[in-house]
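For reference, the structure discussed in these notes is given below.
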Amino acid sequence: QMNVYYKYFFDTLGENDRDKIFLEILSYFNNSSLNILEIGTTRRLEINGNNPVKAGDGMSTLFWCDYINKNKGKLVVNDISLEAIANCKKIISDFLDKIDVNFIVDDGLNHISNEYDLIYLDAGDSIIECLKQFEKIDKNKTSVLIDDGMTKAVLVKAKYKSYKSFKANENHEMIFYPSLELQSRLNINQNIN
């Protein structure tokens, strides 16, 4: 029995511009166990109407949960907003007793470490904050996905040129920096340190 959000997530899979990007990024890890840190999570719960949550917020957490449920690993969801964490818990309630998932209400910068295979930066819209978070990540081991590449990732892109850009649409870009470990597995050379 799926909750209403997970059902909506599945029923609309492929319809949102970001869906294919999340799926492609996860495919790079080739069904290996993944430890994921998500900084910035779901702000809204609307699934009907003109601006459903998937279009606005992407529902990334469900992609991570679905992957970890199939392939093992752990998920840490980090947001400064207690309300966003509460919304996230509702959306991923089907997974709370199935996967290793923890929630942290705090500044994401305090929780970046090299224990993660993938860190998803999706907090706020500050280009300074995004750069600080990005520069704290050990990119030898940890791959980084940044949402809103045309806004919050502007400084990161200017300073660290070798990234893979995913255009969701003309106003929305996601930026991916594969770790050196992942680059060697995928046989690509980006040298992003």
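A few points about this structure:
- Looking across the stretch 114-127, just one residue is at pLDDT 95 or above and β-branched (Val, Ile, Thr), and that is ILE119.
- Selection status of TYR116, under 25 Å from SER32 (Cα atoms) and out of contact with any Gly (no Cβ under 8 Å at 6 or more places or on another chain): yes
- Some residue of the stretch 115-129 being surrounded by 15 or more Cβ atoms within 10 Å (Cβ to Cβ), in contact (Cβ under 8 Å) with a residue 60 or more places away in the chain and on the phi > 0 side of the Ramachandran plot: yes
- With respect to the conditions (1) in a helix (DSSP H, G or I); (2) under 22 Å from VAL76 (Cα atoms); (3) of a type in the set (A, V, I, L, M), ILE128 lacks only one, and its number is (2).
- GLY73 falls short on exactly one of the conditions (1) on the phi < 0 side of the Ramachandran plot; (2) crowded, with 18+ Cβ neighbours inside 10 Å, and that condition is (1).
- Residue count for the stretch 150-175 under the criterion of being among the polar types (S, T, N, Q), touching a residue at least 24 places away in the same chain (Cβ under 8 Å) and not in a loop (DSSP other than H, G, I, E, B): the result is 1.
- Taking the stretch 77-124 as the range and being among the hydrophobic types (A, V, I, L, M, F, W, C), in contact with a Leu (Cβ under 7 Å, 6 or more places away or on another chain) and part of a helix (DSSP H, G or I) as the test, only ILE91 passes.
The values are calculated or read from the model by the stated rules, or taken from the named source; none is laboratory data. Model, not experiment: these values are computed from the prediction. Virtual Cβ from ideal backbone geometry, glycine too; neighbours counted across all protein chains shown.
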